[in-house]
Amino acid sequence: MNGFKRWFSQFMMGRYGMDQLNRFIMYITLALIIVSFFAHSRMLSWITIVLLIILYCRMFSRSIYKRQKENAKYLELKAKFTGGGREQRQDRKASREGKRVLICPYCKEKLRVPVGAGKIKIRCPHCKKEFEETV
Ligand SMILES: [Zn+2]
């Protein structure tokens, strides 16, 4: 068993291993295996086999950069579906445009202000009140 462990860790060296996308594929595969216990479907078995192949190919892949990019794409998609990433996406969009999202201290409305202007007076377009902020 020890020999196998050593062999395995050597084998995995420089290979990609697990990530969130692989875990997701694994869960789907497991779910499909369970479903196929009850519903015998050739189609389902094929999908399970294909998913397993993808899972192992990704795990043992040496193209780590490519796999990381796939995982990042998956996480982005996941955030889109769960909706949990909405706030983050707004912030990301703002920083792409050289802006920052601020919250008005009076009405809690979100304002987008340019970054790098130093201390500026901001007039909230919603409640028309002014406040100072360093950006
Ligand atoms: Zn306001």
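Read-outs: derived from the displayed coordinates by stated rules, not from any lab. This one's a predicted model, so the numbers in the text were calculated from it and none came from an experiment. As a convention, Cβ positions derive from the backbone with ideal geometry for all residues, glycine included, and neighbour counts pool all protein chains shown.
For the chain, compute the number of Lys pairs whose alpha carbons are separated by less than 17 Å, excluding pairs fewer than 8 positions apart on the same chain.
Going through the chain pair by pair, I get 16.
Report the longest stretch of the chain that contains none of the GluC sites (Glu not before Pro) sitting in a DSSP loop with at most 14 other Cβ atoms within 10 Å.
Values: sites that count: E97, E109.
Value returned for the longest uninterrupted segment is 1-96.
Calculate for the chain the 222 nm mean residue ellipticity that helices alone would give, adding -39,500 (n - 2.57) per DSSP H run of length 4 or more and normalising by residue count, nearest 500 deg cm²/dmol. If you can, show how the numbers build up before the last one.
Values: 5 runs with 77 residues, N = 135.
Helix-only estimate at 222 nm: -19000 deg cm²/dmol.
At 7 Å along the Cα-to-beta-carbon direction for both R100 and L44, put a label point, then send me their distance in nm to one decimal.
Inter-label distance under the simple model: 5.4 nm.
How much length is gained on full extension from D91 to F37, taking 0.36 nm per residue of separation minus their Cα-Cα distance?
On the way: separation 54, 0.36 × 54 = 19.44 nm, distance 4.54 nm.
14.9 nm is the gain from fully extending D91 to F37.
In nm, give the distance between the simple-model label positions of Y27 and M13, each being 7 Å from the Cα along the Cα-to-Cβ direction.
The two pseudo-label positions are separated by 3.4 nm.
Once you sort the root eigenvalues of the Cα gyration tensor of region 2-84 as a ≥ b ≥ c, which label holds: rounded (a/c under 1.5), prolate (a/b larger than b/c) or oblate (the other case)? Walk me through the numbers on the way to the answer.
Working: a/c = 2.40, a/b = 1.18, b/c = 2.04.
Cα axes put region 2-84 in the oblate bin.
Kindly identify region 90-134 as rounded, prolate or oblate by the Cα gyration tensor criterion: order the square roots of the eigenvalues as a ≥ b ≥ c, call it rounded if a/c is under 1.5, otherwise compare a/b with b/c, prolate if a/b is larger, else oblate. Mind showing how you got there, number by number?
Numbers: a/c = 2.61, a/b = 1.39, b/c = 1.88.
Oblate shape, in that a/c is at least 1.5 and b/c is the bigger or equal ratio.
For the chain, the longest stretch holding no trypsin sites (Lys or Arg not before Pro) located in a DSSP loop with at most 15 other Cβ atoms within 10 Å is which?
Longest stretch, sites excluded: 16-61.
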